[in-house]
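Asker: Pasting a structure below so you can have a look.
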Amino acid sequence: MIISHKHKFIFIKTFKVSGTSMEIALSNYLGKQDIITPINLEEEILRYKKTGIFPKNYSSNKKEERRYNRYIKSLAKKRLSKRVLNNLEKKKEKRFKKMIFYNHISGLKIKKLIDKKIWSSYFKFTIERNPYDKVISFMFFANRFKKVENLEKETNKTIELKKYLNYPLYTDNSNKIIVDYIINYNSLKKDIKYVEKKINLNISKFYLKTKNYTRKDKRHFSKLLNLNQMMKIYKDAKVEFNLMNYKKKNKTKI
């Protein structure tokens with residue numbers, strides 16, 4: 001999540017939509033008073049190497065923020081595997097925990113934490129993706145360090161956990177959109193151009209693809225999901241289907 005007072009925008013980070021790539025790109029333009037929340041250690045190191053920028057102004061403890069930044073800087077000097085970084089990520093949550101703003105904080109929570117004038121006047125945006133595709137992406141990410149032996153079982157597990165659902169992050173309690181614009185992952189480049197005009201920044205110049213190594217099977221979701229799974233996803237993510245005009249899929253018609 002990013003709040004830029006310098007450029008008057010708020011970026012709300014959703015799941016499995018290249019949100020980290022957006023944060024790294026935006027980090028190139030941020031000011032001293034802007035709020036930048038910590039991200040996954042692997043991407044945090046990448047952001048530091050690409051931009052020299054650390055997370056800031058997200059915590060109630062500035063000393064802890066500085067300690068976390070020194071931690072990132074020290075890790076950036078080492079050659080660590082993705083698996084090692086993942087293990088360090090789990091331990092990090094216990095070491096650095098006094099956050100007010102955090103990675104996937106919802107729009108409603110942000111609204112309660114900041115001045116009403118800031119919320120109403122800043123350009124608020126996020127990214128969304130077809131729920132069918134998000135489930136597949138989330139499943140492979142969860143299994144990135146092992147071979148998926150049973151695709152159906154692992155996919156069912158992802159569907160049941162419902163962590164792929166993004167709409168609670170950018171809607172209110174009545175499922176009404178509370179952001180100004182939602183980038184559609186399916187038309188990412190075009191929609192980013194729209195945001196660039198709104199905030200007057202060249203996002204595309206620094207936009208990276210991160211974590212794309214985790215999806216081992218690049219086939220279309222229609223080849224990886226069965227009808228029962230599609231029905232469950234549609235039921236759970238119906239708000240997203242309606243808000244974004246995503247089409248409900250019938251397996252026999254794909």
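Yes/no matrix, rows are residues, columns are (1) in contact with a helix residue (DSSP H, G or I) (Cβ under 6 Å, 6 or more places away or on another chain); (2) of a type in the set (V, I, T); (3) surrounded by fewer than 20 Cβ atoms within 10 Å (Cβ to Cβ); (4) closer than 28 Å to M231 by Cα:
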residue: H104; (1), (2), (3), (4): no, no, yes, yes
residue: S137; (1), (2), (3), (4): no, no, no, yes
residue: N150; (1), (2), (3), (4): no, no, yes, yes
residue: P168; (1), (2), (3), (4): no, no, yes, yes
residue: N175; (1), (2), (3), (4): yes, no, yes, yes
residue: N184; (1), (2), (3), (4): yes, no, yes, yes
residue: L188; (1), (2), (3), (4): no, no, yes, yes
residue: I203; (1), (2), (3), (4): yes, yes, yes, no
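Asker: Could you tell me how many of the residues in segment 124-166 are under 30 Å from D180 (Cα atoms) and part of a loop (DSSP other than H, G, I, E, B)?
Answerer: Count: 7.
Asker: Another question about this same structure. Please specify each residue of segment 203-249 satisfying the condition of being β-branched (V, I, T), within 23 Å of L151 (Cβ to Cβ) and either modelled with pLDDT under 85 or touching a strand residue (DSSP E or B) at 6+ places or on another chain (Cβ under 7 Å) (or both).
Answerer: T214
Asker: Within segment 152-166, can you find the residues that are closer than 14 Å to K13 by Cα and either in contact with a His (Cβ under 7 Å, 6 or more places away or on another chain) or surrounded by 18 or more Cβ atoms within 10 Å (Cβ to Cβ) (or both)? First the steps, then the outcome.
Answerer: First, pick out the residues of segment 152-166 that are closer than 14 Å to K13 by Cα: 163-166.
If the condition is that a residue be closer than 14 Å to K13 by Cα and either in contact with a His (Cβ under 7 Å, 6 or more places away or on another chain) or surrounded by 18 or more Cβ atoms within 10 Å (Cβ to Cβ) (or both), then Y164, L165, N166 are the ones that fit.
Asker: Can you tell me which condition V179 does not meet? The list is (1) assigned to a helix (DSSP H, G or I); (2) among the β-branched types (V, I, T); (3) in the same structural domain as L30 (by TED's automatic domain parsing), and all the others hold.
Answerer: (1)
Asker: Quick one: which residue in E43, E65 is in a helix (DSSP H, G or I), touching a residue at least 60 places away in the same chain (Cβ under 8 Å), in contact with a Lys or Arg (Cβ under 8 Å, 6 or more places away or on another chain) and crowded, with 17+ Cβ neighbours inside 10 Å?
Answerer: Numbers: E65 fails: touching a residue at least 60 places away in the same chain (Cβ under 8 Å).
Unique residue meeting the criteria: E43.
Asker: Going by what's in this entry, would Y71 be described as surrounded by fewer than 18 Cβ atoms within 10 Å (Cβ to Cβ) and within 16 Å of the chain's Cα centre (by Cα)? Don't jump to the end; show me each part of the working.
Answerer: Working: surrounded by fewer than 18 Cβ atoms within 10 Å (Cβ to Cβ): yes; within 16 Å of the chain's Cα centre (by Cα): no.
So Y71 fails the test.
Asker: Considering every residue within segment 85-95, establish whether at least one is outside the structural domain of K146 (by TED's automatic domain parsing), of a type in the set (K, R), at pLDDT 90 or above and touching a helix residue (DSSP H, G or I) at 6+ places or on another chain (Cβ under 7 Å). Break it down into steps so the answer makes sense when it comes.
Answerer: Start the filter on segment 85-95 by keeping residues that are outside the structural domain of K146 (by TED's automatic domain parsing), which leaves 85-95.
Narrowing further to those that are of a type in the set (K, R): 90-92, 94-95.
Filter again for at pLDDT 90 or above, leaving none.
So far as segment 85-95 goes, no, none of its residues is outside the structural domain of K146 (by TED's automatic domain parsing), of a type in the set (K, R), at pLDDT 90 or above and touching a helix residue (DSSP H, G or I) at 6+ places or on another chain (Cβ under 7 Å).
The values are calculated or read from the model by the stated rules, or taken from the named source; none is laboratory data. Everything numeric in this text was worked out from a predicted model, so none of it was measured. Note that we place each Cβ from the backbone using ideal geometry, even for glycine, and neighbour counts take in every protein chain shown.
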